[in-house]
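Enquirer: Pasting a structure here, questions to come.
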Amino acid sequence: MTDLEDLYDAQKGMAYGLAFQLLRDQGAAEDVVQEAFLAAWRSRAQYDRSKGGLRGWLLTIVRNRAIDRLRHDRLRPEDSLELETGGQTDVRSDPAHLGPERLWMRQALESLPEAQRTAINLAYFGGFTQSQIARHTRQPLGTVKGQLRLGLLKLSSLDHARFGTMAR
Amino acid sequence: MNQVDCNQVDELLAGYALTALDQPDEASVDRHLAGCDRHQRTLEELTRATDHLMLAVPEREPRPELRTRILDAIRAEAATASVSLGWSKERLALGSHACVFHSDEAGLKGTMAFLRAGLELPEEFGIVFADQTRFASLGAWLQEGYAGSVPNLIERGKLAMIPEAATSEDLIAGIGARLDRAMADGYKVIRLLGFIGWDQPGWPDTASIVEFEQRVNQVVRAYPVAVVCTYDVTKLAGLSLMEGGLRSHPITIMGNRIVRENPFYLAA
């Protein structure tokens, strides 16, 4: 494992960015980032670098903790659903500052049809369930399920083209 | 929905991978996955895609106070974790790097108690770091007073012996790789007992070994490990004792006496 301080400095922007994107609250996002770094530290023995990078591992913990807060603590009222989840808060949104991987992922997301992109953004970066998305976008639940499914399969096949192996 | 069939899971799996299912659906998919290899594989691929989705998240700079808060919390937790020294009642915190000075074989043999103390603890892993010509005799010393079988411990990956290397880079790489493997195997605590081959064939020169000892100070900060290096004052050159021992180890030990803030230690 990399030295702890280096790990924090390298990952703080994405970890806090992800927590804030989901929770929309400074204090709650800070708490989640702290919990995630502590959890990462405690379970560092289970960390298996063959299953993806350290960054992905840490961000998965951040996201799971944030989702737990959203769902179980009902931290955010359901009617606060925000549709815009793009790069408007990115302190380094200039593509020149994004590494090739991050730039590629954004482009992959941009390449999806708008309805699929919106559904995936709301689910993934908004932390909303598919029935919440259906209610707020005033679409039938089945339509939202289809958007998530087609959108994610498309992303998975793009992912495969870039990183190898594919969903069956 | 209590029972779902494979067709229904086809519909739900993307939502599951995005953690967007409502509770009853999520529980149904959980149950289905437990017995369906095909969907487990599909989920693995979808999860790869969602993991990469994280790359698209907008970065945001947290307040500087958060850095202090998090690092302090982790350090406080790390400081409470320690291992017994074995031959005395003293304990070493994980992240320690100590040198033990000894002047006879009995003293050197006594250091084996440090490793022996961890052999019965399921979460602990032990490492002997020495010239490979000494593996057999060190193994025999470790065996004395241990009811189980040392070769058996090595065979089942609970204890490892790491040999010399010609450069300090290779020495560090060898130790780092073994620590990584022990972590991947699920061990929570690692004890490393070092018998460094100063001025022996196959080892780096004295200056490089001093550099190596300083590198160990970085390694111990990155793993839940306590490192004890043995220093034979009757055989080592004064310069090796001073630079390699006193100046490179934050903690020094003689017999039962332990100096936790070695005043001669120079941080790299």
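Enquirer: Tally up the residues in the stretch A:123-158 that are hydrophobic (A, V, I, L, M, F, W, C), within 22 Å of A:ALA66 (Cα to Cα) and either in contact (Cβ under 8 Å) with a residue 24 or more places away in the chain or at the interface with chain B (Cβ under 9 Å from one of its Cβ atoms) (or both), please.
Expert: Taking the stretch A:123-158 as the starting set, the residues that turn out to be hydrophobic (A, V, I, L, M, F, W, C) are A:123, A:125, A:128, A:133-134, A:141, A:144, A:148, A:150, A:152-153, A:155, A:158.
Next cut, within 22 Å of A:ALA66 (Cα to Cα) only: A:123, A:125, A:128, A:133-134, A:148, A:152.
Next cut, either in contact (Cβ under 8 Å) with a residue 24 or more places away in the chain or at the interface with chain B (Cβ under 9 Å from one of its Cβ atoms) (or both) only: A:123, A:125, A:128, A:133, A:148, A:152.
Result for the stretch A:123-158: 6.
Enquirer: In addition: Working only within the stretch A:110-168, note down all residues that are among the polar types (S, T, N, Q) and in a loop (DSSP other than H, G, I, E, B). Before you say what the answer is, go through the steps one by one.
Expert: Start the filter on the stretch A:110-168 by keeping residues that are among the polar types (S, T, N, Q), which leaves A:111, A:116, A:118, A:121, A:129-132, A:137, A:139, A:143, A:147, A:156-157, A:165.
Result: A:SER111, A:THR129, A:GLN139, A:THR165.
Enquirer: Of the residues B:PRO263, B:PRO201, B:PRO250, B:PRO224, only one is away from every other protein chain (no Cβ under 14 Å) and touching a residue at least 12 places away in the same chain (Cβ under 8 Å); which? Please lay out each step first, then the result.
Expert: Working: B:PRO263 fails: touching a residue at least 12 places away in the same chain (Cβ under 8 Å); B:PRO201 fails: touching a residue at least 12 places away in the same chain (Cβ under 8 Å); B:PRO224 fails: away from every other protein chain (no Cβ under 14 Å).
Within the list B:PRO263, B:PRO201, B:PRO250, B:PRO224, the selection yields B:PRO250.
Enquirer: From B:GLU169, B:GLU164, B:GLU120, grab the single residue that is buried (at least 19 other Cβ atoms within 10 Å of the Cβ), of a type in the set (Asp, Glu) and either modelled with pLDDT under 95 or in the same structural domain as B:LEU236 (by TED's automatic domain parsing) (or both).
Expert: Working: B:GLU169 fails: buried (at least 19 other Cβ atoms within 10 Å of the Cβ); B:GLU120 fails: buried (at least 19 other Cβ atoms within 10 Å of the Cβ).
Among B:GLU169, B:GLU164, B:GLU120, only B:GLU164 is buried (at least 19 other Cβ atoms within 10 Å of the Cβ), of a type in the set (Asp, Glu) and either modelled with pLDDT under 95 or in the same structural domain as B:LEU236 (by TED's automatic domain parsing) (or both).
Enquirer: When you check B:SER137 against the structure, is it free of Cβ contacts under 8 Å to residues at least 12 places away in the same chain, in the same structural domain as B:GLU155 (by TED's automatic domain parsing) and among the hydroxyl-bearing types (Ser, Thr, Tyr), yes or no? It would help to see each step written out before you state the result.
Expert: On the way: free of Cβ contacts under 8 Å to residues at least 12 places away in the same chain: yes; in the same structural domain as B:GLU155 (by TED's automatic domain parsing): yes; among the hydroxyl-bearing types (Ser, Thr, Tyr): yes.
When the stated conditions are applied, B:SER137 passes them.
Enquirer: Something else: State which residue pairs qualify: first residue at the interface with chain A (Cβ under 7 Å from one of its Cβ atoms) and inside the stretch B:180-192, second residue of a type in the set (Ser, Thr, Tyr) in any location, beta carbons under 9 Å apart, and separation of 6 or more residues or different chains.
Expert: Final answer for the pair search is B:MET183/A:TYR47; B:MET183/B:TYR223; B:ALA184/A:TYR47; B:ALA184/A:SER50.
Enquirer: Here is a follow-up. Residues B:VAL83, B:VAL9: which one is in a strand (DSSP E or B), surrounded by 15 or more Cβ atoms within 10 Å (Cβ to Cβ) and not basic (Lys, Arg)? Steps first, please.
Expert: Details: B:VAL9 fails: in a strand (DSSP E or B).
That would be B:VAL83, the only listed residue that is in a strand (DSSP E or B), surrounded by 15 or more Cβ atoms within 10 Å (Cβ to Cβ) and not basic (Lys, Arg).
Enquirer: Specify which of the listed residues (A:ARG55, A:ARG49, A:ARG42, A:ARG69) is modelled with pLDDT of 75 or more and farther than 22 Å from B:GLU26 by Cα. It would help to see each step written out before you state the result.
Expert: On the way: A:ARG49 fails: modelled with pLDDT of 75 or more; A:ARG42 fails: modelled with pLDDT of 75 or more; A:ARG69 fails: farther than 22 Å from B:GLU26 by Cα.
The unique qualifying residue is A:ARG55.
The values are calculated or read from the model by the stated rules, or taken from the named source; none is laboratory data. Since the structure is predicted, the reported quantities are computational estimates derived from the model, not experimental observations. Quick reminder, even Gly has a Cβ in these numbers, built from the backbone with ideal geometry, and neighbours come from all protein chains shown.
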